[in-house]
Amino acid sequence: MQERNETRVLPADKDGVASAAELLQNGQLVAFPTETVYGLGADARDGEAVARIFEAKARPSFNPLIVHVSSLDAALALVDLPDLLLVLAKTFWPGPLTLVAPAKPGTGLSELVSAGLPTVAIRLPQHPLAISLLEAFGGPVAAPSANPSGRISPTTAAHVLDGLDGRIAAVVDGGPCAVGLESTIVGVAGDRPVLMRPGGLPVSAIEAAVGVELQAAQKDLVEAPGQLLSHYAPSAALRLDANAPRSDEAFLGFGQADFPNCLNLSRSSDLTEAAANLFSHLRALDELVHAESLSGIAAASIPETGLGLAINDRLKRAAVPR
Ligand code: TXA
Ligand code: MG
């Protein structure tokens, strides 16, 4: 569990932004205003920092987060934007629009950011403080809305403190958010644009820009028990709560355990470290099972506390026979 420390309220000026950027560089969590809602930011390349987002929000599951950047070029360094989405980026960025596109390889983004999906949700916000912070920090920032899981999104610094005081390093106080609704999320399926979440940018404006209708909004495409979920899971069979692997299994370890074909989530039984490693280890073990013709992956049991809840949620889903 993250210990409770005082949350600093940083002013909306150069010093406040510099302090916020430094905290982000140190792997800490900083809430900041965007034109939509306040985001809870962490270095998107630092898996443990990203894991702390889920811990601070007390989210019982890992959902993919939006990556915030300060320029179109910064976005293009991280994702391959299909033409359709590039048009939208050029028309509406900076602004309340998030684009979901295939991740480029080797960008250093933590796999926890996209919860193991091959795509990344990316956005260039319009708020001057958000842009200053992203520029001062100099890298991509993962940021869901800055509220505890299950509560409504904050549109003032006071709302942020209401829910997260003592659980995050700082909040930059930029006053109320102008839009007050989360960004609209658009992806593509084949050559059609898909509305993944309605939000602050009207669908009609998006359709006018691309000249085609958005595919019908699907309620929570990502978390619905459907096709997308399968991207989260390894293709190898997964056996949970194992003390040790059988001779023909790979092993996902936690704590002191050493076996052949083993990757350890955290030797020191640190749940934050374990969360940061979860998706990349699952992926690597999946590849190992196929390369070595093993029968599957056995996973050590993970305590049901703090981030362990979200780790176990993900492991249970991955273990469902398909
Ligand atoms: O306005 C906003 O978008 C705010 C501010 C802070 O920027 N951020 C925000 O982030 O609402 P968040 O993390 O609450 O939204 C994440 C949602 C997920 O629940 C999912 O619907 C979608 O973004 N998402 C993220 N990555 C995705 C992906 N790879 N594929 C599909 N959907 C994705
Ligand atoms: Mg939210």
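Derivation of every value follows stated rules applied to the coordinates shown; laboratory data play no part. All figures in this text were calculated on a predicted structure; none of them were measured in a lab. Note: ideal-geometry Cβ built from the backbone for every residue, glycine included; neighbour counts use all protein chains shown.
Tabulated values for the structure
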| item | result |
| --- | --- |
| Qualifying residue in region 85-100 (condition: more than 16 Å from ligand 2 (Cβ to nearest atom) and more than 24 Å from VAL210 (Cβ to Cβ)) | no |
| Residue match in region 175-191 (condition: within 12 Å of ligand 1 (Cβ to nearest atom) and acidic (Asp, Glu)) | yes |
| Test for THR119: is it away from ligand 2 (no atom under 16 Å from the Cβ), of a type in the set (Val, Ile, Thr) and farther than 30 Å from LYS14 by Cβ | yes |
| Any hit, region 157-173, residues being touching a residue at least 24 places away in the same chain (Cβ under 8 Å), within 13 Å of ligand 1 (Cβ to nearest atom), in a loop (DSSP other than H, G, I, E, B) and not hydrophobic (A, V, I, L, M, F, W, C) | no |
| Residue list for region 18-37, restricted to those being among the hydrophobic types (A, V, I, L, M, F, W, C) and surrounded by fewer than 24 Cβ atoms within 10 Å (Cβ to Cβ) | ALA18, ALA21, LEU23 |
| Residue in region 137-152 that is among the polar types (S, T, N, Q) and more than 13 Å from ligand 2 (Cβ to nearest atom) present | no |
| Count of residues meeting criterion [outside any loop (DSSP other than H, G, I, E, B), buried (at least 22 other Cβ atoms within 10 Å of the Cβ) and not charged (D, E, K, R)] in region 43-80 | 12 |
| From ALA31, ALA21, residue being in contact (Cβ under 8 Å) with a residue 40 or more places away in the chain, closer than 20 Å to SER132 by Cα, away from ligand 1 (no atom under 15 Å from the Cβ) and outside any loop (DSSP other than H, G, I, E, B) | ALA21 |
| One residue from VAL113, VAL172 being in contact with a helix residue (DSSP H, G or I) (Cβ under 8 Å, 6 or more places away or on another chain), within 16 Å of ligand 2 (Cβ to nearest atom) and closer than 18 Å to LEU40 by Cα | VAL113 |
| Any hit, region 56-69, residues being out of contact with any Gly (no Cβ under 7 Å at 6 or more places or on another chain) and more than 16 Å from ligand 1 (Cβ to nearest atom) | no |
| Yes/no for LEU40 being within 23 Å of VAL186 (Cβ to Cβ), crowded, with 24+ Cβ neighbours inside 10 Å, within 13 Å of ligand 1 (Cβ to nearest atom) and touching a residue at least 60 places away in the same chain (Cβ under 8 Å) | yes |
| Some residue of region 122-142 being in a loop (DSSP other than H, G, I, E, B), among the charged types (D, E, K, R) and surrounded by fewer than 20 Cβ atoms within 10 Å (Cβ to Cβ) | no |
| Failed criterion for LYS90 (all others in (1) charged (D, E, K, R); (2) in a helix (DSSP H, G or I); (3) in contact (Cβ under 8 Å) with a residue 24 or more places away in the chain hold) | (3) |
| Selection from region 122-136 of residues that are within 15 Å of ligand 2 (Cβ to nearest atom) and under 15 Å from the mean Cα position of the chain (by Cα) | ARG123 |
